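The structure under discussion appears below in the form of structure tokens.
The values are calculated or read from the model by the stated rules, or taken from the named source; none is laboratory data. Here the structure is a predicted model, which is why all the values come from computation and not from measurement. Please note: Cβ atoms are built from the backbone with ideal geometry, for glycine as well, and neighbour counts cover all protein chains shown. For the accessible areas, the whole protein counts, side chains as well, though only heavy atoms, and no ligand, DNA or RNA atoms are used. Shrake-Rupley method; radii C 1.70, N 1.55, O 1.52, S 1.80 Å.
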Amino acid sequence: MQDLNPEIAQYIHGDYQTQNFLKSFSAKMTKLSLGHVEIEAPIAEAILNQHGFAHAGFGFSLADTAAGYAAITYLPLGHNILTVESKINYLAPAKGDTLCAVGRVIRPGRRLSVVVADLFAITEKTQQKIAILQTTMMPVAPEEAQGARSF
């Protein structure tokens, strides 16, 4: 197993700090290694839907972001990623204290990477998988991005 290049880890942590949407909901990257990223966010009132569960759109955003950063761990320094296609299966309502998205690379690629993310609702005593996202992502070189953010 390869180790994550420390410069790429530093780049990812810096890029994550530009995620204003997720920062506004106190989402934090809690784990980062080659092909693996975990992001957690409290299930706060601001993200609840009309049924009292975390909104599916917020869960999708968390899972997509974890998958994207997992894909970036395989890219050259300074590269970013764009989501090309995603499918998510919701397995249960997002009820708990915290949402945790675990992104992991299935197949890194020069043109396309296949990545999955599992989404969990966590309480003090339980951890329930509530969704599975599978996505295809395209690497973007720094000169192609021109300041555009991928996720």
Counting lysine pairs in the chain that sit 8 or more positions apart or on different chains, with Cα atoms under 19 Å apart, gives 7
Compute the angle between helix 6-16 and the longest alpha-carbon principal axis of the chain, please, reported from 0 to 90 degrees and rounded to the nearest 10.
50
Inter-site label distance for Thr18 and Arg107 at 7 Å from Cα along Cβ, in nm:
3.0
Using alpha-carbon coordinates, inclination of helix 56-72 to the longest axis of the chain, degrees:
30
Percent carbon-and-sulfur accessible area, the chain, ignoring ligands, DNA and RNA, probe 1.4 Å:
52
Could you work out the relative contact order of the chain, using alpha carbon pairs under 8 angstrom and six or more residues apart, expressed as a whole percent?
24
Using only helices, what value at 222 nm comes out for the chain when you add -39,500 (n - 2.57) per DSSP H run of length 4 or more and divide by the total residues, to the nearest 500 deg cm²/dmol?
-6500 deg cm²/dmol
Modelling each spin label as a point 7 Å along the Cα-to-Cβ direction, I'd like the Val114/Leu34 distance in nm, to one decimal.
2.1
Which of Ala44, Ala117, Ala94 fluctuates most in a GNM of the chain (C-alpha springs under 10 Å)? That residue is Ala44
Sites Asn89 and Gln127 - FRET efficiency at Förster radius 25 Å, r taken between beta-carbons, to 0.05
0.90
Between the stretch 34-89 and the stretch 106-133, how far is it from one alpha carbon centroid to the other, in angstrom?
8
